Structure formats: C-alpha cells, structure tokens
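I have placed the structure first, in the form of structure tokens, so that the comments after it can refer back to it.
The values are calculated or read from the model by the stated rules, or taken from the named source; none is laboratory data. The structure displayed is predicted, hence computed values, not measured ones. Cβ placement follows ideal geometry from the backbone for every residue including glycine, while neighbour counts extend to all protein chains displayed.
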Amino acid sequence: MTAVFRAARGGLGGRRLQAIIICLVVLAATAASTLALGMLADAHSPFDRAFALQRGADVAATVNTSVATSAQLAATTRLAGVTAAAGPFAVTTITAQFATPGVPGSSSLTLQIAGRSSPGGPVDDLTLVAGHWPTGDNQIVISENAPGNMGSTFTVGSRRLTVVGVADSVTNTSQAWVRPAELTALAGRARVGQAQMLYRFADAGTSAAIAADVATVRAALPRGAVQSAASYLDVRQSEQSSIAPWVPFIIAFGVLALVISVLIVVNVVGGAVIAGTTRIGVLKSIGFTPAQVVASYVLLVAVPAVLGCVIGVLCGDLLAVPLLRQNAQIYQVGGLSVPVWVDVAVPLAVLALTAAGATPPALRAGRMSAVQAIATGRAPRPKHGYFAHRALARIASVPRAVTLGLAAPAARPARTLVTAAAVLFGAVAVTFGAGLAASLTRAYADISQSSLSVRVMALPPGAASSPSAPPGGRVTGLKPIAIGPGPGGPAALTAAQQRAVTAALGAQPGTLHYISEGQYELTPPGLTNGLNVEAYGGNAAWSGLALISGRWYSGADEADVNTLFLTDTGTSVGSTYTLSSGGHNVTVRIVGEVFKPGDNVDMYFSPATLAAVDPGAGVQLYDVSLTPGTNPQAYANAIYARLGASYVTSATQRNSGVFAAVDTLVTLLTLLIIAVAGLGVLNTVALQIRERAHDIGVFKSVGMTPRQTLAMILCSVAVVGLVAGIIAVPAGMFLHDGVVPTMAHAANSGIPASVVAAYFPWEVAALALAGLAIAIAGALGPASWAAGTRTAFALRAE
Amino acid sequence: MDTLVQLENVTKRYDSGVAPAVDDVSLAVEAGEAVAVMGPSGSGKSTLLNLIAGMDRPTSGAVRVGDERVDMLSETAVARFRRREVGMIFQFFNLLDDMTVMDNVLLPAQLAGTRAGAARARAGELLTALRIEHRRDAYPARLSGGERQRVAIARALINKPAVLLADEPTGAVDSATGDEIGALLLQLNAGGQTLILVTHNPDLAARYAHRVIEIADGRVASDRVLAAGGRLPASPLPPDRTLAAGSRPAVPPDGALQ
C-alpha cells in the first residue's frame, strides 16, 4: 500500500495545477452545498432554535394589577406545570411625539412599552442588537420592529425619551422597554394598571396545552385579572410559514453546484489518466496490479479533494455567518450557526460523489496495457477532430488562429461534452439566479406595498400625547385588525376627520396619490383563522398589491380575494360569496385574485361594501404614495404639523429582512457556481495546453504570435461556452418558471405573471453570453500563460 | 556579400551554477551561405539555432538577423520576425498530426495573413517541386520519414524566409532518404537560400555545407570554410571528436525551389 501512496504522491507532484483545481472545485462545491444546506436546515427550525436560545415566553399574559396583587401573581410562578416565569413587568401604551435625528419636524405615534430592569431573565431573554440597556432616566430601548433608531426621541408630556438601544424579543412581547421607574414616571397620575407575566410551561406543544396552561393561571388569580394571553404558537406559525417558500430554490442551487463539481472531477481524473499514460505503463512494468493503479489514481484525487472539502466546509460556515446573522435578526436571536450534521454530511457526500467521478477514468488506467502505454511514449494523440481541422482550414475569411481554436474541441469530444455540461449548469445558475433575484424584488415590492410610504391615522378623542388605553375595542360587528401597537385596531375616522385628512394630503407638496383603508376581521363559518377584509377608498390599484388574475372590484357587489381565500373556501374568480356580520348579509362576486402570500385569508372591496356589511365600520387610515424624491419621515412630520396632535402620522416601516437575506444567498450561490464552472473550464484548458504543448511550440516556431496563441486557446472554449450559454438561457428560465410558482405555492399563493416574467429581452441576450463569459474567464489564465511561453520551452515540453 | 546572421558574444545559461549551453559565441553568416554547425550531443548547437530563430533568448550578447536585433524583440515581434525571415526544419519534423499535408504547409502563410489564393498557389508549387504533391491530402501519420521531412521543408519555405534553419534534418530518416533531403537542401542553397544546418554527422556537414562551425561545450571550437570539392580541413579538436571527412555531391540542376 505504501507503494500506492508513493505513486499517488508522485503523480500529484507532477500535476500540481490539476491538484489545485480539484481542491478548488471541491472546495467551492462543498462551500456552496454547506451554505445552501446550512441555510435550509436553519430555515426549518430557526424560530424553535431562537425560541430555545432566548428562553421565549410560551405565554405572555397581560394582567390587571388592580385586580391581582403582586403576591397572587408571584404565586402563579409556582403553579404545577410552570417551569419558568418572569414579571410582573408593568406595561402601558403611550402616545408620543416622535422625532428622528436628521429629519425636520416630528409626528405622533402610539407605542407599547414594558418596564424591565434588565434584558436578561429566566423567560424572554432579550437580545440587544445595538446600544445598551437603559441606565438612567429618559432612556428607552426599542424593538427592531418599532419605528425609530438610535438617537430617535419619544416625547410624552414633559418627558423626552431617547433611544439608547435596540433589542428584540423572540415572541415580540413589547415594542419598547424602559426601566420600571421610568414607566411609573411616564404614567404619572394615570397609574399603570397593567402588567405582563411571562411563562414557560412543561407542556406547551399544542394550542390545547397552552389553553389548559392559561386556564390554570386564570384559575389561580381573581376573576378578570388575566386580560389577554398571547401564545408563542401564533408567532411560530407566522415565522415558519415565511420560510417554506425558500426551500425549493436552495435545493435547486445545491443540486447545480454538486452536478458541476462531479463533472469537473470526471474531467480532471480523465485528463490525469490521459496525460499520465507513460507513467501508468512504467508503474505496471514494475509490478503494479491494475487495482493498485486504480487506487493510486483515486488517491491522486482523494488528497486534494479531502483538503478541498475541509476548507470548503470552513468557507461555507464562514459565508453563512453574515446570512445567519441576517436570519438571527429576522428571528431576533443572538447567534445561529450551521448545524454540525451539515458540516459532516456535506463533505462526506461531496467526497463520495468525487470518488464516483474519479473511478471510471481510474478504471480505464487500470485496464491499460503496459507495453502500449510505454511504447506510445507520450499522451496518446486524439484520433478525433481531423475533419473539423480540415473543414475549418478552408474558411479563408476567418483568421487561422481562430479556426485552429474552433477545431480543438473536436479532438476530445467526451471532454468537450463534459466541459460544456459544466458551463451549461453554471450558466443555468446565472439565468436562474438573475431571474430569481428579479422575481423576489418584484414580489417584495408587491407584497410590502412598497409604493405606500406614509400612513395617517386619528387618535381616539382625549388620547393626544398622553398615556392611553389601547385604541379601538369595538364590541359589536366587525373587529378592527390591530394596526401598529397594542391590541385591537383603530376606530373609524369621523367624516370631519376624513375631510381634514384629505384636505391636508391635498395641500401638502409631495403627495402622489392616496387611498383610504378600513381593515377588519370577520369570522365566517368555515374559515377557522378568520377573514381579513380591507376596504380601499379611491383607486384600489394604488394599494400596490398585484393581481394574479381578474381585475380590481368596481362596484359594491364585487370583491377581490387572495389565493388562500380561494383555496380555503373552494371558490374561484367569478364565484359569489356571502359575507355575514351582525345580521347583515352581503353577497359579492369575486372578480380578481390578489397576490398576498401568507397564512391570512384576505378579501378586498370598496368602502360601500364595508358599510353594507357593518354600518359602524369605516375608514380607519390613509396610506399615501409620494412623488419621487420626497422624504417619507419629513412628509409625515409635515402632515402632522398640518393636522395637529389628534392624529398619528408615520413613515411606513418595512422589514425586508428575509428578502434581503435570500437575495444575498442567491447572489452568493450564483457566484460560487460560476466560480466552480469557471474552474472546470480552466481545468479543461490546462489539460488541453498540457496535451498540446508540443503543437503550441510548433505553432510558435512557424510564427504564431502570443496574441494569436491566446486567440486560438480562447476560441477553443468560446464555442463551447457560447453554445452552452445559449442552451442555458431557456433551461435557466424553465427552472425559474418552475421554482418561483413552487415557492409561491409554499406560501399559500399563486403568483402574478409580472413576478414570474422576470426576464427583459435585453437581459435574455446578455444572459445568453454568460456561458461565453464563464468559458473565457476560466480559460484566460492558462491561455495567457501558454501565449507567453517561449517557443523553445514549449517545444521541449513533451 | 552581406552579413545576414550575426552573433556577438552570445551566452545562454539555463541554470545558474551550471555551465552555459552557449558560451560567449560570436559568428557571422553571409547571405547565401550554407553553414553546418557541428558538435557532439549536448554541445549547444541546437540552442544556438534556437537563439538565431528567436525561439529562445540569450542570457547575454546580441543576435542579429538582417536588420533585426532578435534578442531585443518582444514575443509578438519575434513571432512576426520568425514567420517572415526564418524557416525551421526539425529532426522529428514537428508536423501537426491532425492536419493534412496541405494544411501543415499552409499554416505559416495563414498565420502571416497571406491571401488564401496566393498561399495555396505557393504551397502547390512547393509540394510539386518537393515531389509530394500527390500526398497533399494525406495526414502525416500516413507518410514515410522522407516524405514528412519534405513536407516540413515545404512548410519552412512557404513564406520565402531569408534563412533556413535545419536542426538534424536527416537524423530521423534512413541514409538514402537522408541523401535525398541533403540534396534538396543543397539545391535550395544553390538557388541563393541561406542555410544553417545543425548536425552531428560530419559526412552530412562536409557534403552539404560550404562552411563548418564546430561547437564544443558551448564554444566555437573551429570555424572552417570547406576546400573546393567538399574536403573538410583538419580539425583542431582531439581525435575522438574529430569529424570524418566526406565528399560533396554535385548540386542538382533543378532551381524550382527558390
């Protein structure tokens, strides 16, 4: 066996470039797969991991402290089934003047605040994303989901709170935190009557278990003490459903990377066998058995492959760090990492595939006759490609160096095919990645209604700039949907308020257009999770939502719905649906399918339809689109200045976290696959130069210039790259058109044609050149080397 | 006569610490001369030829061919110089296996950008003159050694080079074929083609060159003009390195190759 090792080591020394290429290819493939699978594994359970890491609250109960005493609350932490508890933390909802450094003016908003002396604790261990925990008066830490950033100020009466930190709670227990003393001071005479109790239970796996746990706590406290109890399962549900859509594309990229690396390993070992013919003959003549020859060639690959795997795993883990950090922020955890099983399974799988790729050419080496190998005395000349040379030599209008290059791929058709396949898969990844990025951008713009920049709401009477009870809270008819802080949704604006808002919006420069909105929740039979209804006043298309099919409603008897509505109710565009609320029945015809992925069942119709369903429901807010160049926060402040303290105006906060993370992942994976494909070309060209070193010397001896040499070698891969690139475009688009709807389907939605149609004609033309670009980039290094080599050296090379 | 090739104090050292392959060589070759460079294996004669052709660069010294300082040219310029001024003939022919006889011969002209018609006409003339026109569509593997070397000569001549450099042109063929090749070279020289021939065969040198330069250990050991009738004058080298004398055959009358 020592001899086999020595032979492999000797072969490796003589083929340093090939060894480096194997190492790099395996490295890149391992890194891409580790990254992809790491993200995928992470995508399966980030919430659970984050929840465990941060000891998230199974239940966050809001209790009335004027009903339950501190001792009674403390007693609940010792109840059977309670494994950990924190609190009571006093909570209140403030209405504050909000100002951001660098933006003129201020606006008003409501914010739910909890009083906590430290971010840590046995339950709901907060992660500080930036800054520090409040150390004195007038300091506040905000959640990442809350408006504002470091240095922003919230003014409540005479107290001005400055943001000194940004923290996150895995179950979003609060929008902001201050020291308990600060909360008391903020409340002033109003007295804080509410507190938050955070519990972890021994059995909290199901909604029923949670309900039983909450019932136990309720029973231990005076009647009416527990005002509300929020289960972590609701947050978990929404977080996990937002991950499912990303799985299909990560699998697509991982498979592409692995296929390319196997193709390249086949070429590398095949090339090493061809180039090492004499060596094989010598090994056999001194007594190597065929099995030992095969083993020495597999080992030749194994050494750099193992090295590449190890470094690849490290690189994959390192590349995952920034992406996981983005995920960590999305899931509000301090740190996520690639699971250990991924770090073990990926390199083993890549090594197995590499060995599978190396074995057939190594077996060929094992079968080779010793006499024939030695007698040949050099790499066997290819017997193919004569016709190509002959035919191309006749084309007088093309420089000879070019036709020489164009004929080269015909000499080794098998290698050319494998190289073309590697470039093809690389170029497919480019087309797929580019399309995916474009589709994601459009989908995000549609889903997040990115055209709506500023929101205007009214405060309930008497709530201006002082601690207040949560707004909303209608007891009959439709239930307003919580918008922004606190439980319940905003009350409908009066006709006078609506006139005031529309007058202010009409007079303010920077207004492009606006819509009025009323958002309510209905619980019709058959829709267990409820039905969200949104009434848009004005042009519904200005909502920024995209239609998958049909059109926007145009009368009181028409409505649009999202895909989940159609799925859950078994209806389709053109069907009718009857809404019932408080004795009112309204039948609407569904005229369009709206692109609104997620777990909510949504229906959109006009304010007139809303009034028919519930005469008490109405316009709650206005969403404004701005002319290009208008600063949203400055605009919000200006509107606030016009409307006065009884209104809330805010620039819309959007968390593009998941989209940004996925966008980065798409870019990284595409680049890695391009790199692998480029290395495949580099390997092919290096092999070609090695085998044709003597011919190149002859070309030079009869007057081929370095530029002609470069042109010849580049042309030898250009056609392969161009053809592969042209085939790759429809293949990549096919993959994209298959994967994107699958992703949408995983998010319970159909997909608008505008999101799937990601490719402009000029992009298609540019993408068709991706294969050529990969081929040229991969070939440039060895081609330049060959072009610069002295003629005498090249002639001696064999 | 004009000096066509001139080497001034040329040294070529491949590795420091090892004796140079060519050591301070100065020599001049006039246009129209037929010069044989002789010496034992490893004496540096092929390196000398490579330096003249610009296929390698001297460590020091100057190499002039015509008006060009070959050692000073860029790789591109030296390639252009080579295709214009130099025709190379190798011991092992160095034909390209995957190209036909015709395509091998045409290659230098095509690289030089010669019009296709003119190049083909010239190649046709050369193949006819070298009596291998009937094999124009054959691949080198199908040719005999003599035929291959004639193809190589045709390729070397297609761009009408100022100097023809032949490195052991008969080394890989039998003696009858060697005579045939030698006669061809003589015929070319008779037509005015400057010829520098590297050989370790004194008989060949004596028969086909006017002048014999002996190289030993990278240095010029002797530089002698042959007496009329091809008699090689006495060598200054010790007996074991002395080259045997030979006689020069008559120059063939055919002048088609010029």
Open item on the list: Can you list residue pairs whose Cβ atoms sit under 8 Å apart, with the first residue in region A:567-590 being surrounded by fewer than 13 Cβ atoms within 10 Å (Cβ to Cβ) and the second being of a type in the set (Lys, Arg) and at pLDDT 90 or above? Count only pairs 6 or more apart in sequence or on different chains.
Closed with: A:GLY574/A:ARG589; A:THR576/A:ARG589
Open item on the list: If I ask for residues that are more than 32 Å from the chain's Cα centre (by Cα), in a strand (DSSP E or B) and of a type outside the set (Val, Ile, Thr), which ones from region A:136-160 would you list?
Closed with: A:GLN139, A:PHE154, A:ARG159, A:ARG160
TODO: Considering only region B:43-61, state which residues are more than 14 Å from every other protein chain (Cβ to nearest Cβ) and either under 30 Å from A:ALA711 (Cα atoms) or out of contact with any Leu (no Cβ under 8 Å at 6 or more places or on another chain) (or both).
DONE: B:SER43, B:SER60
Task: Residue that is free of Cβ contacts under 8 Å to residues at least 40 places away in the same chain, more than 10 Å from chain A (Cβ to nearest Cβ) and at negative phi, where the choices are B:ARG64, B:ARG69, B:ARG80 - done: B:ARG69
Open item on the list: Name the residue that is surrounded by the most Cβ atoms within 10 Å (Cβ to Cβ), counting only residues in region A:752-798 that are outside any helix (DSSP H, G or I) and within 14 Å of chain B (Cβ to nearest Cβ).
Closed with: A:THR789
Task: Total residues in region A:390-406, condition farther than 13 Å from A:PHE699 by Cβ, within 8 Å of another protein chain (Cβ to nearest Cβ) and either surrounded by 18 or more Cβ atoms within 10 Å (Cβ to Cβ) or in contact with a Cys (Cβ under 7 Å, 6 or more places away or on another chain) (or both) - done: 1
Task: Test for A:VAL702: is it crowded, with 23+ Cβ neighbours inside 10 Å and more than 14 Å from chain B (Cβ to nearest Cβ) - done: no
- [ ] Find the helices (runs of 4 or more DSSP H) located wholly in region A:593-712 whose residues include 2 or more that are within 27 Å of A:ALA753 (Cα to Cα) and outside the structural domain of A:ALA96 (by TED's automatic domain parsing), and list them.
- [x] A:657-691
TODO: Would you confirm whether any residue within region A:410-431 is aliphatic (A, V, I, L, M), away from every other protein chain (no Cβ under 14 Å), surrounded by fewer than 20 Cβ atoms within 10 Å (Cβ to Cβ) and without any contact (Cβ under 8 Å) to a residue 40 or more places away in the chain?
DONE: yes
Open item on the list: Residues to consider are A:GLY115, A:GLY120, A:GLY188, A:GLY148; find the one that is of a type in the set (Gly, Ala, Ser) and more than 19 Å from A:THR93 (Cα to Cα).
Closed with: A:GLY120
Open item on the list: Give all pairs with beta carbons closer than 7 Å in which a residue from region A:767-787 that is closer than 28 Å to A:ALA437 by Cβ meets a residue that is of a type in the set (Ser, Thr, Tyr); count only pairs at least 6 apart in sequence or on separate chains.
Closed with: A:LEU767/A:THR431; A:ALA770/A:THR431
TODO: Taking B:VAL35 as the residue in question, decide whether it is among the aliphatic types (A, V, I, L, M), under 28 Å from B:ASN201 (Cβ atoms) and either away from every other protein chain (no Cβ under 14 Å) or within 17 Å of the chain's Cα centre (by Cα) (or both).
DONE: yes
TODO: Quick one: in region B:140-189, of everything that is under 22 Å from B:HIS210 (Cα atoms) and assigned to a loop (DSSP other than H, G, I, E, B), which residue is farthest from the other protein chains (Cβ to nearest Cβ)?
DONE: B:THR170
Open item on the list: So A:ALA84 ticks every box in (1) outside any loop (DSSP other than H, G, I, E, B); (2) touching a helix residue (DSSP H, G or I) at 6+ places or on another chain (Cβ under 7 Å) but one. Which box is left unticked?
Closed with: (2)
Open item on the list: Would you confirm, using the coordinates I've provided, whether B:ASP23 is within 14 Å of chain A (Cβ to nearest Cβ), touching a Gly at 6+ places or on another chain (Cβ under 8 Å) and either surrounded by 22 or more Cβ atoms within 10 Å (Cβ to Cβ) or charged (D, E, K, R) (or both)?
Closed with: no
- [ ] Identify, from the list B:ARG122, B:ARG131, B:ARG115, the residue that is at positive phi and of a type outside the set (Phe, Trp, Tyr).
- [x] B:ARG131
Task: Residues of region A:662-699 satisfying the condition of being among the basic types (Lys, Arg) and away from chain B (no Cβ under 12 Å) - done: A:ARG690
Task: Residue check, B:VAL35 of a type outside the set (Phe, Trp, Tyr), crowded, with 20+ Cβ neighbours inside 10 Å and part of a strand (DSSP E or B) - done: yes
Open item on the list: Among the numbered criteria (1) more than 23 Å from A:TYR635 (Cβ to Cβ); (2) modelled with pLDDT under 90, which one does A:TYR199 miss?
Closed with: (2)
- [ ] Count, please, the residues in region B:96-139 that happen to be more than 14 Å from chain A (Cβ to nearest Cβ) and not in a helix (DSSP H, G or I).
- [x] 3
Open item on the list: Which residue is farthest from A:ALA202 (Cα to Cα), if the candidates are limited to region A:69-90 and must be out of contact with any strand residue (DSSP E or B) (no Cβ under 8 Å at 6 or more places or on another chain) and in contact (Cβ under 8 Å) with a residue 24 or more places away in the chain?
Closed with: A:GLN72
Task: Answer residue from region B:191-207, given it is in contact with a strand residue (DSSP E or B) (Cβ under 9 Å, 6 or more places away or on another chain) and not in a strand (DSSP E or B) and is surrounded by the fewest Cβ atoms within 10 Å (Cβ to Cβ) among those - done: B:HIS200
Open item on the list: Is it the case, given these coordinates, that B:ARG207 is out of contact with any Leu (no Cβ under 7 Å at 6 or more places or on another chain) and charged (D, E, K, R)?
Closed with: yes
Open item on the list: Scan region A:705-718 and tell me whether some residue there is without any contact (Cβ under 8 Å) to a residue 40 or more places away in the chain and touching a helix residue (DSSP H, G or I) at 6+ places or on another chain (Cβ under 9 Å).
Closed with: yes
Open item on the list: Residue pairs, Cβ under 8 Å, 6 or more apart or interchain, first in region A:41-55 and aromatic (Phe, Trp, Tyr) and outside any loop (DSSP other than H, G, I, E, B), second buried (at least 20 other Cβ atoms within 10 Å of the Cβ) and modelled with pLDDT under 70. List them.
Closed with: A:PHE47/A:GLU239; A:PHE47/A:TYR331
TODO: Check off (1) small (Gly, Ala, Ser); (2) outside any loop (DSSP other than H, G, I, E, B); (3) over 30 Å from A:ALA388 (Cβ atoms) for B:ALA79 and give me the number that stays unchecked.
DONE: (3)
- [ ] Keeping to region A:97-113, report how many residues are under 18 Å from A:PRO180 (Cα atoms) and either in contact with a Gly (Cβ under 9 Å, 6 or more places away or on another chain) or of a type in the set (D, E, K, R) (or both).
- [x] 2
Open item on the list: Of all residues being at the interface with chain A (Cβ under 9 Å from one of its Cβ atoms) and assigned to a helix (DSSP H, G or I) in region B:83-95, which is surrounded by the fewest Cβ atoms within 10 Å (Cβ to Cβ)? Just the residue, please.
Closed with: B:ARG84
